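Below is one structure, written out as structure tokens; comments come after it.
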């Protein structure tokens, strides 16, 4: 009310979370709360997202091993954690989200869950590359989407960014190959190409 009295504009109230998109229970819960909710998804190159996610877990002491060991742990344990949630929806999804280095980068299947309940016009999707390259334009489009006064942000500052060693080239290539069909599926869903990490083109031997 105070914002409306001061500016004459209805305040747009929202919430942000890094796990809502991944948690399979979230779409139904959000839809039950407000079927007219407008949704915004900011997507990062899934290869870089997975490694950044690992670096955060490693820094906090929850993932003591290497990135490759963390990926192996995900393969061993994630399915079991998700099955626990399916059996008992009251359980927290924190552990599953914490070890889902690859799974959280499968954006198409996650967005499809939301689009089963919400119409496409209520979903705004932007990549982090687009946001960093043209923050003013993207923020203006978001304001239009939310039907609030336009705000042309001149920059989009990154907070909490840390420097860390580069990923192993072989691991990057393995992840690029794993995400390639996922990214193609997402591109078809969004109707645009994504300039994310691509696997190396196979070399051909001369006849």
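Values in this text are rule-based calculations from the coordinates and carry no lab data. Note that this is a predicted model, so its numbers are computed, not measured. Counting neighbours? That spans all protein chains shown, and the Cβs are built from the backbone with ideal geometry, glycine included.
Go ahead and run the numbers for FRET between residue 79 and residue 12, Cβ-Cβ distance against an R0 of 35 Å, rounding to 0.05. Before the final figure, lay out each step's value.
Values: r = 38 Å, r/R0 = 1.09.
That pair, residue 79 with residue 12, gives E of 0.35.
Could you state the angle between the C-alpha long axis of helix 46-59 and the longest principal axis of the C-alpha atoms of the chain, as a value from 0 to 90 degrees rounded to the nearest 10?
90
Quick one: helix 169-190 against the long Cα principal axis of the chain, what's the angle to the nearest 10°, folded into 0 to 90?
It is inclined by approximately 40 degrees.
When ranked by the protection proxy of mean other Cβ atoms within 10 Å per residue, highest first, what sequence do the peptides 83-90, 98-105, 189-196 form?
Values: 83-90: 10.6, 98-105: 21.9, 189-196: 14.2.
Taking the mean over residues of other Cβ atoms within 10 Å, the ranking is 98-105, 189-196, 83-90.
Evaluate the distance, in nm, between pseudo-label points positioned 7 Å from the Cα of residue 150 and of residue 87 along their respective Cα→Cβ axes.
Once both label points are built, they end up 5.5 nm from each other.
Take every Cα pair under 8 Å in the chain that's 6+ residues apart, average their separations, divide by the length, and report that relative contact order as a whole percent. Walk me through the numbers on the way to the answer.
Details: 179 pairs, mean separation 52.4, N = 207.
Relative contact order, the chain: 25 percent.
Give me the distance in nm between label points sitting 7 Å out from Cα along the Cα-to-Cβ direction at residue 166 and residue 115, one decimal.
Result for the modelled spin labels: 3.5 nm.
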